[in-house]
Amino acid sequence: MSCVLVTGGAGYIGSHTVKVLLKRGYEAVVLDNLSTGHRQAVLVDEAHFYQGDIADDELVTSIVEKHGVDSVIHFAAKSLVGESMKHPEMYLWDNTAKSVRFFTTLKECGVRNIIFSSTAAVYGLPEQIPIPEYLEKKPVNPYGESKLMVEKALQWMEQAHGIKWVALRYFNAAGAELTGVIGEDHNPETHLIPLVLQTALGKREAIQVFGTDYDTPDGTCIRDYIHVLDLTDAHILALEALKKGMSSGALNVGTGNGYSVREVIEMAKEVTEREIPVVETERRPGDPAVLVADSTLAQQLLGWKPQFTLREMIASAWKWHSTHPEGYRR
Ligand code: UFG
């Protein structure tokens, strides 16, 4: 089996992917600078771990040569929309410039297959729901722009150097690995489901609902939540399809089902059987009313099908949060 270099493999989606790669018999090497990832999230002894930067040419080259890396899953990035609005240069540097540098090193080492972690944020405020891949890309924040620019860099590097790539545009990743051993631990936490569950645990007084006057049935924003294990599966299938000759390109990964903020909170009350106090507040700037994926293309090209329901996402996340109330800091 081939060796896969996973950048950002100590992060939320990266650590889940590493675990599944190893389970499926791949060799995996993690490269993570631990700026937001957690060393403890890379549990399995068989995963080689390097703390370092994707723009460190020497380090990347030595990892590729030492482990015989033939493909890469590139997660390492900053991912806070609000932070990107305040510090766009940070996102353009860390997410875009460093990725281009990283791809250049990979090209020089002869690594040809790249799966890239992209985002629904490339669509900005889409005029069509569900969102197909061909819809116009008009990011409304530097985070989405920084990812779109990497997709474009990959297109040009394919043309010039024959790099093969798939960009997976994630919708709202949620849930945790089913044993509850690894999970989502961001600092600061900004995502709805972990915040709702921290409220159920009594770590927060209330969950804020950002805006109740959206043009949706209950007035709150609708998102397409997708289980992190379904995302992981999409990465591995994309890598396998690419190696079998699938054309490069971008694919949406969502379930196609939208749930409102209120529906998520209600489901969390059922799953946790706890009180979850709610405070209704102003809209959060930059939030589109509805984001739901059309992931027909990923399903057709990869033979991928999301398996998990919202209840299962929340239940698995609850298993993680209730057994790790302080996340990895224990
Ligand atoms: N929300 C609340 N209260 C909170 C947190 C979130 O009401 O305390 C709402 C948000 O307004 C939004 C929904 O819950 O309507 C989901 O918010 P998240 O922050 O969990 O996720 P986003 O949809 O904002 O962000 C996700 C990814 C980003 C990506 C974006 C694409 O996390 O990386 O989708 O638009 F950029």
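Looking at ALA167, ALA153, ALA206, ALA200, which one is open to solvent by less than 50 Å² (accessible area, probe 1.4 Å) and under 22 Å from ILE13 (Cα atoms)?
None of the others qualify; the one that does is ALA167.
Kindly check whether there is at least one residue in the stretch 123-141 that is open to solvent by less than 10 Å² (accessible area, probe 1.4 Å), assigned to a helix (DSSP H, G or I) and touching a Gly at 6+ places or on another chain (Cβ under 6 Å).
no
Looking at the stretch 97-122, which of its residues are under 20 Å from GLY14 (Cα atoms), hydroxyl-bearing (Ser, Thr, Tyr) and away from the ligand (no atom under 15 Å from the Cβ)?
If the condition is that a residue be under 20 Å from GLY14 (Cα atoms), hydroxyl-bearing (Ser, Thr, Tyr) and away from the ligand (no atom under 15 Å from the Cβ), then SER99 is the only one that fits.
Kindly indicate which of LEU125, LEU80 is within 14 Å of the ligand (Cβ to nearest atom), at pLDDT below 95 and within 16 Å of GLY8 (Cβ to Cβ).
LEU80
Take the stretch 85-109 and flag every residue that is open to solvent by 10 Å² or more (accessible area, probe 1.4 Å) and of a type in the set (A, V, I, L, M).
Residues satisfying the conditions are MET85, MET90, LEU92, ALA97, VAL100.
Check the stretch 14-30 and report whether any residue there is buried (at least 23 other Cβ atoms within 10 Å of the Cβ), within 30 Å of MET313 (Cβ to Cβ) and among the hydroxyl-bearing types (Ser, Thr, Tyr).
Within the stretch 14-30 (the criterion being buried (at least 23 other Cβ atoms within 10 Å of the Cβ), within 30 Å of MET313 (Cβ to Cβ) and among the hydroxyl-bearing types (Ser, Thr, Tyr)), the answer is yes, since at least one residue qualifies.
Please verify whether ALA238 is open to solvent by less than 60 Å² (accessible area, probe 1.4 Å) and in contact with a Phe, Trp or Tyr (Cβ under 6 Å, 6 or more places away or on another chain), treating the condition exactly as stated.
The answer is no for ALA238.
Look through ARG283, ARG223 and report the one residue that is surrounded by fewer than 21 Cβ atoms within 10 Å (Cβ to Cβ) and among the basic types (Lys, Arg).
ARG283
Considering only the stretch 271-309, how many residues are under 25 Å from GLY124 (Cβ atoms) and within 13 Å of the ligand (Cβ to nearest atom)?
Matching residues across the stretch 271-309 total 13.
Being within 13 Å of the ligand (Cβ to nearest atom), open to solvent by less than 30 Å² (accessible area, probe 1.4 Å), free of Cβ contacts under 8 Å to residues at least 12 places away in the same chain and not hydrophobic (A, V, I, L, M, F, W, C) is true for just one of GLU189, GLU184. Which residue is that?
Every option except GLU189 fails the conditions.
Hey, among the residues in the stretch 199-236 that are under 25 Å from PRO126 (Cβ atoms) and aliphatic (A, V, I, L, M), which one's nearest to the ligand (Cβ to nearest atom)?
VAL209
Can we say VAL64 is farther than 21 Å from THR36 by Cα and surrounded by fewer than 24 Cβ atoms within 10 Å (Cβ to Cβ)?
yes
Quick one: which strands (runs of 3 or more DSSP E) sit completely within the stretch 20-107 and have at least 2 residues that are within 17 Å of ILE182 (Cβ to Cβ)?
27-32
The values are calculated or read from the model by the stated rules, or taken from the named source; none is laboratory data. This is a predicted model, so every value here is computed, not measured. Using ideal geometry, Cβ is built from the backbone for each residue, glycine included, and neighbour counts are taken over all protein chains shown. All accessible areas refer to the heavy atoms of the entire protein, side chains included, with ligands and DNA or RNA removed. Shrake-Rupley method; radii C 1.70, N 1.55, O 1.52, S 1.80 Å.
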